[in-house]
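The values are calculated or read from the model by the stated rules, or taken from the named source; none is laboratory data. What you see is a predicted model; the values in this text were computed from it and never measured. Ideal geometry is used to build each Cβ from the backbone, glycine not excepted, and the neighbour counts take in all protein chains shown.
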Amino acid sequence: MGRRKRTGWHRVINGVNISALLVVLFVGLPLYWLIISSFKTPSAMGDSPPQYWPRPLSGANYSQAFVQYDFGSYFIHSLVVTLCATALVLIFGTMAGYALGRLPMRGKFTLMVTLLMISVFPEIAVIAPLYTLLKDLGWLDSYQGLIIPYTAFFLPFAIWILRNYMLGIPKEMEETSRIDGAGPIRTVWSIILPMALPGVFTAAIFTFTACWTEFLMALTFNINLKTIPVGIATFGTALEVPFGTIFAASVVAVVPIGILVFIFRKFVISGLTSGAVKG
C-alpha cells in the first residue's frame, strides 16, 4: 500500500504535471491581475505594496469605459465585423475544405502550399494597396471595409483546419448517401457537415479570436468606426493613461472569447487533435 501511495504521489509531481502547472500560472496570473486591477479605485492603482484583492471593490473603471469613452459602440462594431467575417470564413472554408479533402483534384499540393503561404503573409505588406482599393470603392469607415479583408486573410487557415478534419471522415458515409440519391450539396449538408462539427467549431473560434483582436487593419481602414483594440488604444490623453479603465475594457473584451472556448472546449480539442494527426 505504501509503495502504491508513493507511486501515485510520484505521478502527481512528475514533469508533465509541473509543466502544466507552470503554463497555467503563466497564463492565469496575468489574467487574475487584469481582473482585480479593473475593480480597483484610481487611487489604489499605484499602491505599494500592491493589493492582491482590492478593498473596496469599485466599478468606476467600467462605468468610465462605457460612459466617458463610449466603449459600448466599440464593442458593437467589433461584434458585427467579427460575426460576419467568421460566418463568411466558415461558409467558404467548409466548401473549400470539402473539395480539397474529399474530391479528386489536380494541383492539391500546390494549392495547399499556396494557402499556407497566404496564411502567414504579413498584413503590413498589403496595407497600402488595400487602403487604396478600399478608398476607391468608398469602403473606408464601413463594416464591409473590414469584413472582406478579414475574410480573405483568415480563410486560408480555416481551410487547412477543415480540410484536415474532413480527411478523417469515412468515405463509406459519403458513398452511402450517394447511393440513396443525395446530391453533392445534400451530402455535404446532411452527412459531412454534422460529422465535421468539431473542426468547424475549431475554425470558428480561431477566426473569431483573430478578427476580435486584429489591430492594424482596423486602425488603418476605419478611423471613425473603431473596433475594440483601436478603441482601447485611444483611451486617455498624452499626459494621462487611465490604466484602470483600460483594464476594465480589456476584461469585457476577453469575456466573449472565454465563453466560446468554455462552451465548445471539447469540440476544439477534438478538432485540433484531428488536424494534428492527419495530413
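Quickly run through the stretch 211-259 and pick out the residues that are in contact (Cβ under 8 Å) with a residue 60 or more places away in the chain, part of a helix (DSSP H, G or I) and of a type in the set (S, T, N, Q).
Residues satisfying the conditions are Thr220, Thr245, Ser250.
What residue, of Ile159, Ile205, is surrounded by 23 or more Cβ atoms within 10 Å (Cβ to Cβ), at pLDDT 85 or above and not charged (D, E, K, R)?
Sole residue among the options that is surrounded by 23 or more Cβ atoms within 10 Å (Cβ to Cβ), at pLDDT 85 or above and not charged (D, E, K, R): Ile159.
Please give the number of the condition Ile192 fails out of (1) touching a residue at least 60 places away in the same chain (Cβ under 8 Å); (2) touching a Ser or Thr at 6+ places or on another chain (Cβ under 6 Å); (3) under 22 Å from Lys108 (Cβ atoms).
In the conditions (1) touching a residue at least 60 places away in the same chain (Cβ under 8 Å); (2) touching a Ser or Thr at 6+ places or on another chain (Cβ under 6 Å); (3) under 22 Å from Lys108 (Cβ atoms), Ile192 misses (2) alone.
Looking only at the stretch 68-114, count how many residues are basic (Lys, Arg) and under 19 Å from Phe153 (Cα atoms).
0
Quick check on my filter: what residues within the stretch 209-220 are surrounded by fewer than 22 Cβ atoms within 10 Å (Cβ to Cβ) and either within 14 Å of Leu146 (Cα to Cα) or more than 17 Å from the chain's Cα centre (by Cα) (or both)?
Within the stretch 209-220, Ala210, Thr213, Phe215, Leu216, Leu219, Thr220 meet the criteria.
Residues checked against (1) under 30 Å from Trp33 (Cα atoms); (2) assigned by TED's automatic domain parsing to the domain that holds Cys84; (3) touching a Phe, Trp or Tyr at 6+ places or on another chain (Cβ under 7 Å):
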| site | (1), (2), (3) |
| --- | --- |
| Ala196 | no, yes, yes |
| Gly199 | no, yes, yes |
| Thr209 | yes, yes, no |
| Ala218 | yes, yes, no |
| Phe221 | no, yes, yes |
| Val230 | yes, yes, yes |
| Thr234 | yes, yes, no |
| Val251 | yes, yes, no |
| Leu260 | yes, yes, yes |
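Which residue out of Gly231, Gly199 is within 15 Å of Val89 (Cα to Cα) and buried (at least 21 other Cβ atoms within 10 Å of the Cβ)?
Gly199
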